[in-house]
Number of protein chains: 2
Amino acid sequence: MPQKILRFIPLSVALGSALLLSAPGLVSPAIANTDNAAESTKGPKVTSFTLDNGLQVVVIPDRRAPVVTHMIWYKVGSADEEPGKSGLAHYLEHLMFKGTKTVPGGVFSAKVAEIGGQENAFTSTDYTGYFQKVTPTALEEMMRLEADRMSNLVLTDETVLPERDVIQEERRSRTDNNPGSLLGEAVQAALFQNHRYGIPVIGWQHEVQQLTKDDAIAFYDKYYTPNNAVLVVAGDVTPELVRELAAKTYAKVKRRAEPGVRNRPREPEPKAARTVSLSDARVTSPSWQRTFLVPSYKTAEPGEAEAIDILGEILGGSSTSRIYKQLVIKSKLAASAGGYYQGSALDDTRFLLYATPRQGITLDQIEAEIDKVVLELLEKGVTEKEVARGINRQLKSVIFARDSQSTLARIYGASLAMGETLEDIEQWPDRISKVTAEDVNRVARKYLKKIRSVTGYLRPEKARS
Amino acid sequence: MPQKILRFIPLSVALGSALLLSAPGLVSPAIANTDNAAESTKGPKVTSFTLDNGLQVVVIPDRRAPVVTHMIWYKVGSADEEPGKSGLAHYLEHLMFKGTKTVPGGVFSAKVAEIGGQENAFTSTDYTGYFQKVTPTALEEMMRLEADRMSNLVLTDETVLPERDVIQEERRSRTDNNPGSLLGEAVQAALFQNHRYGIPVIGWQHEVQQLTKDDAIAFYDKYYTPNNAVLVVAGDVTPELVRELAAKTYAKVKRRAEPGVRNRPREPEPKAARTVSLSDARVTSPSWQRTFLVPSYKTAEPGEAEAIDILGEILGGSSTSRIYKQLVIKSKLAASAGGYYQGSALDDTRFLLYATPRQGITLDQIEAEIDKVVLELLEKGVTEKEVARGINRQLKSVIFARDSQSTLARIYGASLAMGETLEDIEQWPDRISKVTAEDVNRVARKYLKKIRSVTGYLRPEKARS
């Protein structure tokens, strides 16, 4: 797959995995890193236990290198914010580095750097995560520091207000100065009419501007409680050791709240096809996208999400996909083209098709050609051979994911943070293997309807009015 | 103006008034009725006082006939609902007729009917109102009954659940079976990406289905308190009498809550032009509309809203407007065409252009022609003569409104329920009179941009996919 395609694809898809590192609108990309060669095609023996305070602990053994990945996942994301408070989940993620009652701001990060470790944090619509990758000897200290900031965060106007400026600058540089991002926001807003997936994770600038220390503290007190979190430790450790270290660290954190069931507004059935057009002098190459509202792994009927994943493979998942072959190879209309299913989401989610035209080709030509490819698929259906190839690619992606300690930790963390079980994760390869051509045709005909879609046009011309 | 145009126009615009009987998405249209001839071109002497429990009382004398209009306005509408609870404000409006501790359900309405009165209720995005029009001798009883249901409403599953079915049926017949309404909903949802004006007053069917007695009671307890209401009494009464009757009725209602400032999420600056297309076999004639996000009387810079009102007059307010003349009279492309400004709203609102093509004319032709009219206005500006004519029409509409007791009561009630003052209402004719061509050109160039708009297409063909 040409590198160019990757720009459009979230990490989950770049990895070919349906188990979904990133939810729609993920702000901070994960640090990707490569470990040693694959251990086996069978997954590691993952264990899980729950502390008295409700914290779920998951241990993923990986003894290939003396390294450990320590991740804490909170079951809260931007789609849990209240109206008018967009950007708050992400803002709090930044503020979590500002220090606690006993550990001044910056000290945690400095410790990680000092021992040559890596750290990062990320906010999505559905979860927020923090991780460090360090030598096993440093694990206890990571657990102590992370547990400390789960309940002892100290925020003052002196630290909180400048960080808000940082975030506003982040929004300006990543979104407001990037017409492609602006179009993405507008498409997302048009697709989700009732659900907060329509609101950007980073927030609307005018609302971020109004966020206060009290907003952040209230959000922290409501959601950053051990019974609303999942701890994932992957690497050269035993469950026994993790249990012992957890007893000394996380077990001491008290429950502060009962966030309850994540029952968010559902989208109504879409009734009308929508388009969003953005023309901007800063656009260097035009692009086309169409996003369909589809169920996620959490909201789909049994088997549907797996079938949509295979549909994504067949339509746009690789250089052997129908869209790529027709648009890039045969007709040579597009420089890049493809599609994917963002199956990892708590609520109804999106299936996306996209293309970038070659020089001299219009977006109308691109759209007509993709319409043709989709129409043919809907009318004639997919072949068993295509389905088998799609399943194979998905299964390979699982093996590929298993090869990376932090990827695996992210898959488990994200899935559990969205309410899946270990069994859901482990049985996924079996479920995807059972998808049939009939399943794929059914979901294609059910969901690839224009009235379920928003088509986005990005053009380099200057807007006339 | 041909009758056909009125279909598209809220009552406020049908009356040519900017003082705004209906907010976006008003569910229950007001009962229009005609009184005797106009009293004078000067407004009546309106008085206002506030009871100890916070209820504002407004008295509008009108001695032309032995009739009185009694209206209670709550400062709450569908845009105050919580996410996932769409339709709740309107549902509660229905439930307000289900009886109280001492007055069984149906009795209030039966009394109004018995004395030959009229009654109605309505819910908008920004307010909810109840009114009766009766003989002055019945006023005290109306006040007693309305004050009673302000705090003594009794809801049981036996009354609440069947009413939910009624509302769902109302939604089916008015919206789901009406492609034009469905398109309107989809356009509204695409225009308002952050604000609940994007959510229909009647609610999404799947959310209405989930509303409970407890939801209704919580909403009632939070918002139906005297300090969140305005009482308007218009007709053959004196302020002294109303004060005396209020002391015996409304003054006995206790404050139950402090709803506080109505601070709702603001829209971000629009960045991309959007379209919404609905094709449905039930459509008998196609139609075209374009809605722009613009400030309301409450959110605009001083003078801007008045200028947008005049812009609405010039572009589409009558058969002498530019759009009507060009589309209907000159080019004969449209059977009807026009535009208006929905200035009455607590938050940013919409400016709408619309047209219905004649037989054999496409929506593309309509759009190109309206684009031309708008472009010419933006480039060459409006004339002083057009502005004077627009001002004149607006002022006439005020006189016309004064001629109807219930229209006047509605204007005062709606404006006060949205936080305006008596002075705002009374000084409006002066303010509108001061609008200049320069003011109109400035707001036209500032707001009539495609990136601020959603264009809606309603077509009779059957959807292909």
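Each reported figure results from applying straightforward, stated rules to the coordinates on display, with no laboratory input. Keep in mind the model is a prediction, meaning the values are calculated, not measured. Counting neighbours? That spans all protein chains shown, and the Cβs are built from the backbone with ideal geometry, glycine included.
Put simply, the convex hull of the Cα atoms in the range B:90-200 casts, on average, a shadow of 8.6 nm². Mean silhouette area of the protein assembly as shown, derived from the convex hull of its C-alpha atoms and averaged over all directions, reads 39.7 nm².
Across identical copies of the chain, residue B:252 has label-point separations of 6.3 nm, listed in ascending order, with the point defined 7 angstrom from Cα along Cα→Cβ. Taking all Cα pairs closer than 8 Å and separated by 6 or more residues, the relative contact order of the range A:274-459 comes to 38 percent. Contact order, relative form, for chain A: 24 percent (alpha carbon pairs under 8 Å, 6 or more residues apart, mean separation divided by residue count). For chain B, taking the reciprocal of the average inverse distance between every pair of different Cα atoms yields a Kirkwood hydrodynamic radius of 22.9 Å. The smallest convex shape that holds all Cα atoms of the range B:310-456, its convex hull, gives 128 Å³ per residue.
In nanometers and ordered shortest first, the copy-to-copy spacing of the residue B:392 label point, defined 7 Å from Cα toward Cβ, is 8.0. Which lysines, on any chain, are close to residue A:446 with Cα under 20 Å apart, when same-chain ones fewer than 8 places away are left out? Residue A:446 reaches A:271, A:298, A:372, A:380, A:434, B:462. Note on the range A:35-252: Cα-only Rg and Dmax are 18.5, 51 Å. Counting from the shortest, the label point at residue A:376, 7 Å from Cα toward Cβ, is 4.7 nm from the same position in each remaining copy. A simple charge model with +1 on the Cβ of Lys and Arg, -1 on the Cβ of Asp and Glu and nothing else charged puts the dipole of the range B:274-459 at about 780 debye relative to its Cα centre. Dividing the convex hull volume of the alpha carbon atoms of the range B:380-465 by its residue count gives 217 Å³ per residue.
Summarising the label geometry, the points placed 7 Å from Cα in the beta-carbon direction at residue A:325 and residue B:166 lie 6.0 nm from one another. Placing unit charges on each Cβ (+1 for Lys and Arg, -1 for Asp and Glu) gives the protein assembly as shown a dipole about its Cα centre, and among A:178, A:346, B:137 the Cα reaching farthest toward its positive end belongs to A:178.
Rounded to the nearest whole Hz, the Karplus-based 3J(HN,Hα) values (6.51 cos²θ - 1.76 cosθ + 1.60, θ = phi - 60°) of the range B:406-413 follow the sequence 6, 5, 4, 4, 5, 4, 5, x, with x at glycine and proline. Distance between the C-alpha centres of the range A:226-247 and the range B:391-457: 64 Å, rounded to the whole angstrom. Based on the alpha-carbon gyration tensor of the range A:339-393 and its eigenvalue square roots a ≥ b ≥ c, which shape applies: rounded if a/c is under 1.5, prolate if not and a/b is larger than b/c, or oblate? Note, shape of the range A:339-393 comes out oblate.
Taking the number of Cβ atoms within 10 Å of each Cβ as an exposure proxy, the fewest-first ranking of B:356, B:159 is B:159, B:356.
Assuming a ≥ b ≥ c are the square roots of the Cα gyration tensor eigenvalues, decide whether the range A:137-293 counts as rounded (a/c under 1.5), prolate (otherwise, with a/b larger than b/c) or oblate. Prolate, because a/c is 1.5 or more and a/b exceeds b/c. Computing FRET efficiency as 1/(1 + (r/R0)^6) for residue A:107 and residue A:434, where r is the C-beta to C-beta distance and R0 is 45 Å, gives about 0.35. Remark: the range A:35-252 carries a charge dipole of roughly 440 debye about the Cα centre, counting +1 on each Lys and Arg Cβ and -1 on each Asp and Glu Cβ. Partner lysines whose Cα lies under 28 Å from the Cα of residue B:133, excluding those fewer than 8 positions away in the same chain, are identified as B:42, B:45, B:75, B:98, B:101, B:111, B:222, B:248, B:252, B:254, B:396. Here the alpha carbons of the range A:65-125 define both size measures, Rg and Dmax, at 14.2, 46 Å.
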